[in-house]
Amino acid sequence: MNAKRWVSTKILLVFLFLLIIGCFNYVVDPNGVYSNRNNYEIFPEKLFSSKHGLVLSGNDRNLKFALAQSDLSNFGCVILGSSHVMSISSVRNTGGIRSKCGRLLNLGVSGGSIEDIAIFSYRIINNKNKPKSVLIGVDPWTLKFGMDSRYKVYKFYFEEMQNLLGFDLKSSSSSYFYGLAKNLINKEYFITSLRFLNGGKSVGVSYPHSSFTYENGYVERVVLPDGSLVYSNDYIEYAKKNISKKGKYSYKLNRDAYHRSAVSFFIQVVELLRKNNIEVELIMTPYAPKVFLEDETKVVSYLKVVDRVVRDFSLRNNLKVYGSFFPSVMGCENYEFYDYMHPMNECLNRIDISR
């Protein structure tokens, strides 16, 4: 009897501990996953009128979605994609990209997937003030469905895009909500919550202090007036110290390199943008040279397959492709990366789209 009571007590204590952790993460919510602490309707006006951008503690999809509803005719180009393209900036003068676009708006989101590209494309074609050009960042996982569940915040618009194109892609929301629940008792998120409280970080929309610089960052990530990203100073310092460290290099690079249905869907999204008199071009950003030091690894083989597929359908559909997954093509070095797959501005400057 005592043994059963001990087991029951232990289970209850574990349950209470997890409940406390979950409640703590839910209330603090450092990444704005569960709360809507920002008034996103006022975000575009505050961002565009700011001197150095805004410090934001929130879901970047919400922030970029609000930007997508602003007057897009004011921008030469709108950029879609993942964090790989989020540093591309007209404020920081990203080389040939600025020479083509002039003023640009960066709508890249963390882990951006083909579903995100479809959602933001839907918002763009339904905006009465459309941009002249859309640049889509193509990553090694772009041509597959279901690579990131975070798009389901705006799942309705993905379904609307499917309806427009005559697709019926079944997807379940259960995995998304399961992930949200699981994240509440996630150790890393708990640590992030503690750091959030102890680090003097902001809640809601605020402006960076005078100590902020593009090169060194700020205590938090900063979104510049064109929607592009400057990483936190902690992240930048960590990147400098770990330039030469080896890793697995396999983020989202598993199973099939692409889905034929996803390629077809992607092309139809592009064609729909074109039918709305919007020029569409593609950007591929490089991985760091250290990824390619060893012989033909699975990751390198994967990148080669996707590169071939992208260039093949781009040629057939008269789509220009700028940049490359391969740093040797652009002359980028390891020290010009934050990590193995996020190039710094110095490397991005070499993407020449003036041709």
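The values are calculated or read from the model by the stated rules, or taken from the named source; none is laboratory data. This is a predicted model, so every value here is computed, not measured. Note: ideal-geometry Cβ built from the backbone for every residue, glycine included; neighbour counts use all protein chains shown. Accessible surface is based on the protein model in full, side chains and every heavy atom, while ligands, DNA and RNA are left aside. Shrake-Rupley method; radii C 1.70, N 1.55, O 1.52, S 1.80 Å.
Where the centre of each part is set by its Cα atoms, how far does the stretch 288-311 sit from the stretch 207-255, in angstrom?
First find each Cα centre; the distance between them is then 24 Å.
Once you have a ≥ b ≥ c as the square roots of the Cα gyration tensor eigenvalues for the stretch 86-138, tell me rounded if a/c is under 1.5, and otherwise prolate or oblate according to whether a/b is larger than b/c.
Working: a/c = 2.46, a/b = 1.34, b/c = 1.84.
Judged from the Cα gyration tensor, the stretch 86-138 comes out oblate (a/c at least 1.5, b/c at or above a/b).
How big is D for the stretch 265-338, in µm² s⁻¹ as a whole number, if Stokes-Einstein is applied with the Kirkwood radius of its Cα pairs at 37 °C and 0.692 mPa s?
Numbers: Rh = 13.9 Å.
My calculation gives 237 µm²/s for D.
Check cross-link reach from Lys320 to the aspartates and glutamates: straight Cα distance under 18 Å, and skip same-chain residues fewer than eight apart.
Lys320 reaches Asp139, Glu271, Glu279, Glu281, Asp307, Asp312, Asp352.
Ranked from highest to lowest mean number of other Cβ atoms within 10 Å per residue, what is the order of the peptides 132-145, 230-243?
Details: 132-145: 23.1, 230-243: 15.8.
Per-residue Cβ counts within 10 Å, averaged per peptide and sorted highest first, yield 132-145, 230-243.
Note the direction-averaged projected area, equal to a quarter of the hull surface, for the Cα convex hull of the stretch 301-355, in nm². Don't jump to the answer; show the numbers that get you there.
Working: hull surface 17.1 nm².
About 4.3 nm², averaged over all directions.
Please list log₁₀ I(q)/I(0) at q = 0.10, 0.15 Å⁻¹ for the stretch 202-355, using the Debye equation with identical point scatterers on the alpha-carbon positions.
For the requested q values the scattering log ratios are -0.47, -0.98.
Using a probe radius of 1.4 Å on heavy atoms only, what accessible surface per residue do you get for the stretch 210-355? Whole Å² is fine.
Heavy-atom accessible area per residue stands at 51 Å².
What percentage of the solvent-accessible surface of the stretch 252-355, computed with a 1.4 Å probe over protein heavy atoms, is contributed by carbon and sulfur atoms? All intermediate terms of the calculation are to be shown ahead of the outcome.
Working: 2380 of 5030 Å².
Here carbon and sulfur together make up 47 percent of the probe-accessible area.
By per-residue mean of other Cβ atoms within 10 Å, what is the highest-first order of 107-119, 261-273, 281-293? Don't skip to the answer; put the middle values down first.
Working: 107-119: 25.8, 261-273: 18.7, 281-293: 21.6.
Output ranking for 107-119, 261-273, 281-293: 107-119, 281-293, 261-273.
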